[in-house]
Amino acid sequence: MVKVGIPTLGERGLEEVISEHFGRAPTFTIVDLATQEVKVLTNTGEHFGGLKLAPQLLADEGVEVVLCANLGPRAISMFEQFGIEVYVGLGTDSVVSTVKDALRAFQAGRLHEASDRDACLRHRH
C-alpha cells in the first residue's frame with residue numbers, strides 16, 4: 001500500500017495540474033495506489049500562514065512517496081527524516097502535466113529519487 005502526494009494547483013483530483021513550486025503549491029493531491037482513493041489537501045503550511053511545513057502536512061496524512069518538479073534542500077532533508085521517498089522530474093517532460101500523468105511516469109520508472117543535487121538552486125541560503 002502506497003500513498004503518493006503531489007503538489008497541485010487546485011482541486012480536480014487526477015486531472016489537476018501539477019504545481020512546479022512544492023512548498024507554495026495551493027493544494028496537494030494524495031492518491032492511495034492500493035484503493036485508488038483520491039484526496040485533495042489544502043496547503044496550510046507556513047507559506048500560507050500556517051504553523052507546519054509542507055512535508056509535515058503530508059507526513060500527517062500518511063504519505064509515503066512524493067512526486068514533484070523540484071523542491072528546496074530543507075524539504076528534501078525533512079522528507080528523509082519522515083521516511084518519505086521523493087521523486088523529481090515532473091515538469092521536465094511536457095507530457096507530465098497532471099496528477100494522472102505524474103502517476104504514470106512514476107509507475108513507468110521515468111522519475112528519479114531526489115538528492116541534495118536536485119534541490120532548487122533558488123532555495124539555497
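Observations on the model:
- Put simply, the chain fits an ellipsoid with semi-axes of 19, 17, 14 Å; these come from the alpha carbon gyration tensor as the roots of five times its eigenvalues, largest first.
- Shown in residue order for segment 15-25 are the 3J(HN,Hα) couplings computed by the Karplus curve 6.51 cos²θ - 1.76 cosθ + 1.60 at θ = phi - 60°: 8, 6, 7, 6, 7, 7, 10, 3, x, 9, 5 Hz (x for Gly and Pro).
- Translational D in µm²/s for segment 51-99 (Stokes-Einstein at 4 °C, 1.567 mPa s, Kirkwood Rh from C-alpha pairs): 113
- Positive minus negative residues near residue 59 (Lys, Arg vs Asp, Glu; Cβ under 15 Å): -2
- Net charge in the neighbourhood of residue 46 (other residues with Cβ under 12 Å of its Cβ; Lys, Arg +1, Asp, Glu -1) is +3.
- Scalar couplings 3J(HN,Hα) for segment 47-60, obtained by applying the Karplus form with A = 6.51, B = -1.76, C = 1.60 to θ = phi - 60°, are 5, 10, x, x, 9, 9, 8, 3, x, 5, 4, 6, 4, 4 Hz; x denotes Gly and Pro.
- Arranged from fewest to most other beta-carbon atoms within 10 Å of their beta carbon, 88, 17 become 17, 88.
- Residue order, fewest to most surrounding Cβ atoms within 10 angstrom, among 86, 40: 40, 86
- Helical runs assigned H by DSSP (4 residues or longer) give the chain a calculated mean residue ellipticity at 222 nm of -6000 deg cm²/dmol, each run adding -39500 (n - 2.57) before division by the residue total.
- For the pair residue 47 and residue 97, label points projected 7 Å from Cα toward Cβ lie 2.1 nm apart.
- Label-reachable residues, segment 14-30, where backbone N falls under 18 Å from a point 7 Å from residue 82's Cα toward its Cβ: 19-30
- The antiparallel fraction among DSSP beta bridges confined to segment 1-109 stands at about 70%.
- In order through segment 63-70: 3J(HN,Hα) via Karplus (6.51 cos²θ - 1.76 cosθ + 1.60), integer Hz, x for Gly, Pro: 5, 10, 9, 10, 10, 7, 7, 7
None of the figures in this text is laboratory data; all of them are computed from the coordinates on show. What you are looking at is a predicted structure, and each value in this text was computed from that prediction instead of being measured. Positions of Cβ are generated from backbone atoms using ideal geometry, with glycine treated the same way; all protein chains shown enter the neighbour counts.
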